[in-house]
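The values are calculated or read from the model by the stated rules, or taken from the named source; none is laboratory data. Note that the structure is a prediction, hence the values are computed from the model and not measured. Quick reminder, even Gly has a Cβ in these numbers, built from the backbone with ideal geometry, and neighbours come from all protein chains shown.
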Ligand SMILES: [Zn+2]
């Protein structure tokens, strides 16, 4: 019987779907498959053939918007363009290969009409849209997208998935490099703590750690918490095997007060990015709506991912795809929360649990969700079907026989019926097993490879 360790071993060595398929198919199919793979590779290379130096400068353009609406409407207002001194992203993979996220930012060269940059992401606003409050009133959230700085006039477009899961344009604004109000002002210039720096930001996954609720006197504690965060990545596979593909830097940004807001207990702290528990009345959900402040602090270092470390011993956190991750630093379970939340934010993984709260209509079961590690079985071919043994039934019974198998287990994404997860247990489900299932492992490795090409 194949153990989950064996499955994970195989997954590490099958770094992409093509390779995985190659090694598991009979030899007679190999030649045909290889030819098709070469063709696919050429196509992908052609799609991504945007020359960075032709279109972009090695800095970031940040577009700040206000995103407002209720449960059914979603509208945007432009606030400002900010020119930032670092670009931490890839210079080779400029067009998003994953098609993950509920939103997609696009940069379109105004003169040629060519799309020169795309990236998927999610927002806190869309989560608020699933709350009861959103069925009764409108609210407004700060949002911000960062793209490489265009050399010439460019359209910055935001697309949103409609009810059928298809991206539609919902907002655009033209960036004109000659516009005098594009501000190069950097609000902060805090020193940086290099917790784990291995090379060129363009070839690495750059995580910027923002301290929330650490006072000036607590900056040494923050540095040791940054070191502890690096140790978390050193502990959990597949991150530990790829640790040298990461740069991890802390911004030494002090808060006026120590700690974090806990509204249910009447505790309020004056902190630099204003994180709080009780987001949407969920005790352990710690987030911030002050997204412009988050981006202002993050701008002190090159980054792909923002990690907010909250100075608290209370259990909790949150992670939103290509938006931010949040966790507290001093809870016994912090290591697992850190790696779980980061995997939402970095690899776009969904929660694999059904949840205490059933979010009706959180997912439309008539379409395939975009997250790789859950499926409604509407289009399972696009997910991990290639990793399921032919003898494993679909759906897969939650019996001991299948505890260590890759399968299709009912109950995932806060949805007890009609949504399925790939493993009996996983770090995206409970923290009992201390490891990611083979499907999440595969998805994380795919994302690491894309950032480091
Ligand atoms: Zn998983």
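Considering (1) on the phi > 0 side of the Ramachandran plot; (2) more than 21 Å from the chain's Cα centre (by Cα), the lone condition that residue 165 does not fulfil carries the number (2). Would you confirm whether or not region 397-404 contains a residue that is surrounded by fewer than 18 Cβ atoms within 10 Å (Cβ to Cβ), away from the ligand (no atom under 15 Å from the Cβ) and within 30 Å of residue 204 (Cα to Cα)? Taking every residue of region 397-404 in turn, none turns out to be surrounded by fewer than 18 Cβ atoms within 10 Å (Cβ to Cβ), away from the ligand (no atom under 15 Å from the Cβ) and within 30 Å of residue 204 (Cα to Cα).
Of the numbered criteria (1) farther than 26 Å from residue 98 by Cα; (2) under 23 Å from the mean Cα position of the chain (by Cα); (3) modelled with pLDDT of 95 or more, the one residue 396 fails is (2).
Being more than 10 Å from the ligand (Cβ to nearest atom), in a loop (DSSP other than H, G, I, E, B), outside the structural domain of residue 239 (by TED's automatic domain parsing) and over 23 Å from residue 103 (Cα atoms): is that true of residue 390 here? Criteria met by residue 390.
For residue 339, the conditions (1) within 16 Å of the ligand (Cβ to nearest atom); (2) under 13 Å from residue 122 (Cβ atoms); (3) not in a loop (DSSP other than H, G, I, E, B) are fulfilled apart from (2).
Here's the yes/no breakdown for (1) over 29 Å from residue 130 (Cα atoms); (2) touching a helix residue (DSSP H, G or I) at 6+ places or on another chain (Cβ under 9 Å); (3) modelled with pLDDT of 95 or more:
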residue: 356; (1), (2), (3): no, no, no
residue: 364; (1), (2), (3): no, no, no
residue: 372; (1), (2), (3): no, yes, yes
residue: 385; (1), (2), (3): yes, no, yes
residue: 402; (1), (2), (3): yes, no, no
residue: 433; (1), (2), (3): yes, yes, no
residue: 436; (1), (2), (3): no, yes, yes
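Against the conditions (1) more than 16 Å from the chain's Cα centre (by Cα); (2) at pLDDT below 95; (3) not in a helix (DSSP H, G or I), residue 274 satisfies every one except (2).
Just to verify a result, which residue in region 399-418, among those that are under 25 Å from the mean Cα position of the chain (by Cα) and touching a residue at least 60 places away in the same chain (Cβ under 8 Å), is nearest to residue 101 (Cα to Cα)? Once the filter is applied, the top-ranked residue is 413. Within region 365-387, can you find the residues that are part of a loop (DSSP other than H, G, I, E, B) and either within 11 Å of the ligand (Cβ to nearest atom) or touching a strand residue (DSSP E or B) at 6+ places or on another chain (Cβ under 8 Å) (or both)? 365, 368, 369, 370, 371, 372, 373, 374, 376, 377, 383, 384 - these are the residues of region 365-387 that are part of a loop (DSSP other than H, G, I, E, B) and either within 11 Å of the ligand (Cβ to nearest atom) or touching a strand residue (DSSP E or B) at 6+ places or on another chain (Cβ under 8 Å) (or both).
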